[in-house]
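Participant: Structure incoming, see below.
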There are 2 protein chains.
Amino acid sequence: MSAPDWIAVDWGTSHLRVWGLQGDRVLRQAASDQGMGQLAREGFEPALLALVADWLSDAQVTPVLVCGMAGSRQGWVEAPYRAIPCPPLGGALVQAPCRDLRLSVHVVPGLKQHRPADVIRGEETQIAGFLAQNPGWDGVLCLPGTHSKWVHVSAGEVVSFQTFLTGEMFALLSERSVLRHSVSGWDDTGFTEGVAQGMERPERLLARLFSIRAEGLLQARDPASGRARLSGLLIGAELAAAKPYWLGQRVAMIGAAPLAQHYAQALGTLSVPVTCHDATEMTLAGLAAARALLPQTERPCVN
Amino acid sequence: MSAPDWIAVDWGTSHLRVWGLQGDRVLRQAASDQGMGQLAREGFEPALLALVADWLSDAQVTPVLVCGMAGSRQGWVEAPYRAIPCPPLGGALVQAPCRDLRLSVHVVPGLKQHRPADVIRGEETQIAGFLAQNPGWDGVLCLPGTHSKWVHVSAGEVVSFQTFLTGEMFALLSERSVLRHSVSGWDDTGFTEGVAQGMERPERLLARLFSIRAEGLLQARDPASGRARLSGLLIGAELAAAKPYWLGQRVAMIGAAPLAQHYAQALGTLSVPVTCHDATEMTLAGLAAARALLPQTERPCVN
């Protein structure tokens, strides 16, 4: 198999995913649990090489494009947030220090918003990938995840965004709170019910959450229904607060199943038109767009 | 020192606290981390004896009154919930199996509400203690804690109640979520600001939470302010949802510093009159009232 002419890297807090590409064609891919959260600065290059060393050619320098938490202050190299409004990509990429001369690593900066204070790191690349595939697109993006993001894009620029702690809250509550005894599995009816309750009375969230436990105890309610309702309550509360984003808009969702499907299902109950786009595909398209920003000398002429 | 004529036990999920009393006078007390959560059924008696064995007399059976999670299905013995409306105590106490003939252990049952589904286990004893000290009292009780409770009491009966996951949510978010990097210490201004924001727009909770992290990153905001604001946002959201309980009422708070003080401070900003009562004192008064329910043969005549 021929050597990739560039490498795409999505480096999150808890995971590391790499792809070896020729143009936009994926030749190889690999992943590990060496996320930013468990690496000291000097640990990044070895963690990357552990996955890609075999892909590298001694005859050329392979460009590596990285998005995600590897660019945070505690990461490989800090790629400072760019202030919105601005295009999702476009500022200078930040070069990461490397000992291995076969590698040239650049990190994509995140975005920041001053009021209300908010930050994005990683999703800017997915947004850039989406815009590369949908030039001239204006509207609202929803990116579900640990920290879900609602993003308003206009004229190629990120105009405003809002982060919700929904995914992390779901993980904490379903795995580490008293609710863990009452939630397991999935049940669509429970989800729809939760979304409706969360949307209708989002201010009652803290009370509704405990009722999942109480219903488990008193009514021997199915834990599949409990877990789906927990997810629905949280997503419903998020949708209630994100209403200024989606009301009267078409929404493009960038995510992965099953979470993105759940968001789409919830938005469907509100008659919001939604198109769904694969998060990994958008990440790769965004990193390809980032690669095009590199000085020409960094791009070996393989094609 | 003379032997206690009875023993009071508060047995929570994560702690065990015991008091040796003569009448209502505390002679001795002890505590351990042998909470219900880490004990199998056969572990309860040894965990209790580890604290009180030296207090017991061979010449008499010492009654032991227990409240809390030791009465749950996973506890020492299940003391089934009593359905409200009912007095906080009054149903039969449940005897726990004991090998040591010097002990006679009884567990106080919790309370249940069918719609909305909700349960109390432990706080019913504090409520009973409060009513024993304030006979004829009608009104609203607030019991802050891991799972805070709002309770409407009328004519000596618990009429309705509502549990909020506020305290557990605060612990999870401040210790285990991404916010842990941005919260440490305490700052009263941050708390008041959080309460106001949580009260005013409780539906924005999931977004406001992430802004604590973003403000830490972008504005180098003091983590003491972050932690106080986190607490304020959650308590403010609880107060918004608990409004039907406190609006136009005087509230009796049963809790421990500093949490009870924070709730009192938050209610103060709403001009709600609050009286504060010590949780341990109410627990002991409630267990004393439970002791009075025992058949006379169970009560050695020491006094």
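Participant: Can you pull out every residue in the range A:232-244 that is out of contact with any helix residue (DSSP H, G or I) (no Cβ under 6 Å at 6 or more places or on another chain) and either surrounded by 20 or more Cβ atoms within 10 Å (Cβ to Cβ) or closer than 12 Å to A:GLU193 by Cα (or both)? Give the steps one after another, and end with the answer.
Facilitator: Kept after step one, since they are out of contact with any helix residue (DSSP H, G or I) (no Cβ under 6 Å at 6 or more places or on another chain), are these residues of the range A:232-244: A:242-244.
The answer is A:ALA242, and nothing else.
Participant: Considering only residues that are away from chain B (no Cβ under 14 Å), assigned to a strand (DSSP E or B) and hydrophobic (A, V, I, L, M, F, W, C), look in the range A:109-145 and name the one that is surrounded by the most Cβ atoms within 10 Å (Cβ to Cβ).
Facilitator: Taking the range A:109-145 and keeping what is away from chain B (no Cβ under 14 Å), we get A:124-141.
If we keep only those that are assigned to a strand (DSSP E or B) as well, we get A:139-141.
Next, only the ones that are hydrophobic (A, V, I, L, M, F, W, C) stay: A:140-141.
On the way: A:VAL140: 23, A:LEU141: 25.
Once the filter is applied, the top-ranked residue is A:LEU141.
Participant: Please go through the range A:265-275 and give me each residue that is among the hydrophobic types (A, V, I, L, M, F, W, C) and surrounded by fewer than 17 Cβ atoms within 10 Å (Cβ to Cβ), ordered by number.
Facilitator: From the range A:265-275, those among the hydrophobic types (A, V, I, L, M, F, W, C) are A:266-267, A:270, A:272, A:274; that's our starting set.
Once the filter is applied, which keeps residues that are among the hydrophobic types (A, V, I, L, M, F, W, C) and surrounded by fewer than 17 Cβ atoms within 10 Å (Cβ to Cβ), the range A:265-275 yields only A:LEU270.
Participant: Filter the range A:246-260 down to the residues that are surrounded by fewer than 20 Cβ atoms within 10 Å (Cβ to Cβ) and touching a strand residue (DSSP E or B) at 6+ places or on another chain (Cβ under 8 Å) and list them by number. Before you say what the answer is, go through the steps one by one.
Facilitator: Of all residues in the range A:246-260, those surrounded by fewer than 20 Cβ atoms within 10 Å (Cβ to Cβ) come to A:246-250, A:256-258.
A:TRP246, A:GLN249, A:ARG250, A:ALA256 - these are the residues of the range A:246-260 that are surrounded by fewer than 20 Cβ atoms within 10 Å (Cβ to Cβ) and touching a strand residue (DSSP E or B) at 6+ places or on another chain (Cβ under 8 Å).
Participant: Across the range B:146-181, which residue is farthest from B:LEU131 (Cα to Cα) among those that are buried (at least 24 other Cβ atoms within 10 Å of the Cβ) and more than 10 Å from every other protein chain (Cβ to nearest Cβ)?
Facilitator: B:PHE161
Participant: When you look at A:SER184, is it within 11 Å of chain B (Cβ to nearest Cβ) and in contact with a Pro (Cβ under 6 Å, 6 or more places away or on another chain), yes or no?
Facilitator: Details: within 11 Å of chain B (Cβ to nearest Cβ): no; in contact with a Pro (Cβ under 6 Å, 6 or more places away or on another chain): yes.
Criteria not met by A:SER184.
Participant: Would you check if B:ALA285 is part of a helix (DSSP H, G or I), under 27 Å from the mean Cα position of the chain (by Cα) and closer than 30 Å to B:LEU27 by Cβ? Reasoning before the result, please.
Facilitator: Details: part of a helix (DSSP H, G or I): yes; under 27 Å from the mean Cα position of the chain (by Cα): yes; closer than 30 Å to B:LEU27 by Cβ: yes.
Considered against the rule, which asks whether it is part of a helix (DSSP H, G or I), under 27 Å from the mean Cα position of the chain (by Cα) and closer than 30 Å to B:LEU27 by Cβ, B:ALA285 comes out as yes.
Participant: Quick one: which residue in B:SER182, B:SER154, B:SER174 is closer than 23 Å to A:ALA214 by Cβ and small (Gly, Ala, Ser)? Working first, answer last.
Facilitator: Details: B:SER182 fails: closer than 23 Å to A:ALA214 by Cβ; B:SER174 fails: closer than 23 Å to A:ALA214 by Cβ.
After ruling out the rest, the residue left standing is B:SER154.
Participant: In the range B:194-212, how many are out of contact with any Leu (no Cβ under 6 Å at 6 or more places or on another chain) and closer than 12 Å to A:LEU205 by Cβ?
Facilitator: 4
Participant: Among the residues of the range A:12-38, write down those that are out of contact with any Lys or Arg (no Cβ under 8 Å at 6 or more places or on another chain), among the hydrophobic types (A, V, I, L, M, F, W, C) and assigned to a strand (DSSP E or B). Give the steps one after another, and end with the answer.
Facilitator: Keep residues of the range A:12-38 that are out of contact with any Lys or Arg (no Cβ under 8 Å at 6 or more places or on another chain), which gives A:12-18, A:21-28, A:32-38.
The next check asks that each one be among the hydrophobic types (A, V, I, L, M, F, W, C); those that pass are A:16, A:18, A:21, A:26-27, A:36.
If the condition is that a residue be out of contact with any Lys or Arg (no Cβ under 8 Å at 6 or more places or on another chain), among the hydrophobic types (A, V, I, L, M, F, W, C) and assigned to a strand (DSSP E or B), then A:LEU16, A:VAL18, A:LEU21, A:VAL26, A:LEU27 are the ones that fit.
Participant: Taking the residues in the range B:259-274 that are part of a loop (DSSP other than H, G, I, E, B) and free of Cβ contacts under 8 Å to residues at least 60 places away in the same chain as candidates, determine which candidate is farthest from B:GLY145 (Cα to Cα).
Facilitator: First pass over the range B:259-274, keeping only residues part of a loop (DSSP other than H, G, I, E, B): B:270-273.
So of that shortlist, the ones also free of Cβ contacts under 8 Å to residues at least 60 places away in the same chain come out as B:271-273.
Numbers: B:SER271: 22, B:VAL272: 20, B:PRO273: 20 Å.
Filtering first and then ranking leaves B:SER271.
Participant: While we're looking at this one, here's another question. Yes or no: the range A:223-234 includes at least one residue that is among the small types (Gly, Ala, Ser), in contact with a Lys or Arg (Cβ under 6 Å, 6 or more places away or on another chain) and in contact (Cβ under 8 Å) with a residue 60 or more places away in the chain. Reasoning before the result, please.
Facilitator: So in the range A:223-234, the residues among the small types (Gly, Ala, Ser) come out as A:224-226, A:228, A:231-232.
Now drop any that are not in contact with a Lys or Arg (Cβ under 6 Å, 6 or more places away or on another chain), which leaves none.
No, the range A:223-234 contains no residue that is among the small types (Gly, Ala, Ser), in contact with a Lys or Arg (Cβ under 6 Å, 6 or more places away or on another chain) and in contact (Cβ under 8 Å) with a residue 60 or more places away in the chain.
Participant: Determine which single condition A:VAL52 fails, assuming it passes every other condition in (1) part of a helix (DSSP H, G or I); (2) under 25 Å from B:LEU218 (Cα atoms); (3) among the aliphatic types (A, V, I, L, M).
Facilitator: (2)
Participant: Please determine whether any residue of the range B:235-242 is more than 23 Å from A:PHE164 (Cβ to Cβ) and not hydroxyl-bearing (Ser, Thr, Tyr).
Facilitator: Of the range B:235-242, the ones more than 23 Å from A:PHE164 (Cβ to Cβ) are B:242.
When the remaining residues are screened for being not hydroxyl-bearing (Ser, Thr, Tyr), the result is B:242.
Yes, because at least one residue in the range B:235-242 is more than 23 Å from A:PHE164 (Cβ to Cβ) and not hydroxyl-bearing (Ser, Thr, Tyr).
Participant: Could I ask something else about it? Sort through A:ALA79, A:ALA92 and tell me the only one that's of a type in the set (A, V, I, L, M), assigned to a loop (DSSP other than H, G, I, E, B) and modelled with pLDDT under 95. Step through it out loud before you land on a result.
Facilitator: Numbers: A:ALA79 fails: modelled with pLDDT under 95.
Just one listed residue meets the conditions, A:ALA92.
Participant: Okay, next question. Can you report the number of residues in the range B:18-34 which are on the phi < 0 side of the Ramachandran plot and surrounded by fewer than 18 Cβ atoms within 10 Å (Cβ to Cβ)?
Facilitator: Initially, the range B:18-34 is screened for residues on the phi < 0 side of the Ramachandran plot, giving B:18-22, B:24-34.
This time we only want the ones that are surrounded by fewer than 18 Cβ atoms within 10 Å (Cβ to Cβ), so: B:22, B:24-33.
Total satisfying the criteria: 11.
Participant: Limited to the range B:242-292, what total is found for residues that are of a type outside the set (A, V, I, L, M, F, W, C) and within 14 Å of chain A (Cβ to nearest Cβ)?
Facilitator: 4
Participant: Here's something else I'd like to know. Looking at the range A:200-224, which of the residues that are more than 8 Å from chain B (Cβ to nearest Cβ) and among the aliphatic types (A, V, I, L, M) is surrounded by the fewest Cβ atoms within 10 Å (Cβ to Cβ)?
Facilitator: Step by step, filter the range A:200-224, then rank; the result is A:ALA220.
Participant: Something else about it: Determine whether the range A:192-199 contains at least one residue that is surrounded by fewer than 19 Cβ atoms within 10 Å (Cβ to Cβ), touching a residue at least 24 places away in the same chain (Cβ under 8 Å), within 11 Å of another protein chain (Cβ to nearest Cβ) and under 24 Å from the mean Cα position of the chain (by Cα). Before the answer, list the steps.
Facilitator: Let us first name the residues in the range A:192-199 that are surrounded by fewer than 19 Cβ atoms within 10 Å (Cβ to Cβ), namely A:192-193, A:196.
Among the residues that remain, those that are also touching a residue at least 24 places away in the same chain (Cβ under 8 Å) are: A:192-193, A:196.
The next check asks that each one be within 11 Å of another protein chain (Cβ to nearest Cβ); those that pass are none.
The answer is no; no qualifying residue exists.
Participant: On the given criteria, is A:LEU239 more than 9 Å from chain B (Cβ to nearest Cβ), among the aliphatic types (A, V, I, L, M), assigned to a helix (DSSP H, G or I) and under 24 Å from B:GLU175 (Cβ atoms)? Working first, answer last.
Facilitator: On the way: more than 9 Å from chain B (Cβ to nearest Cβ): yes; among the aliphatic types (A, V, I, L, M): yes; assigned to a helix (DSSP H, G or I): yes; under 24 Å from B:GLU175 (Cβ atoms): no.
When the stated conditions are applied, A:LEU239 does not pass them.
Participant: Would you pick out the residues in the range B:69-108 that are under 15 Å from B:MET36 (Cα atoms), crowded, with 21+ Cβ neighbours inside 10 Å and within 14 Å of chain A (Cβ to nearest Cβ)?
Facilitator: B:MET69, B:GLY71, B:SER72, B:GLY75, B:ALA79
The values are calculated or read from the model by the stated rules, or taken from the named source; none is laboratory data. Note that the coordinates shown come from a computational prediction; the quantities given were computed from them, not determined experimentally. So basically every Cβ, Gly included, is an ideal-geometry build from the backbone, and we count neighbours across all protein chains shown.
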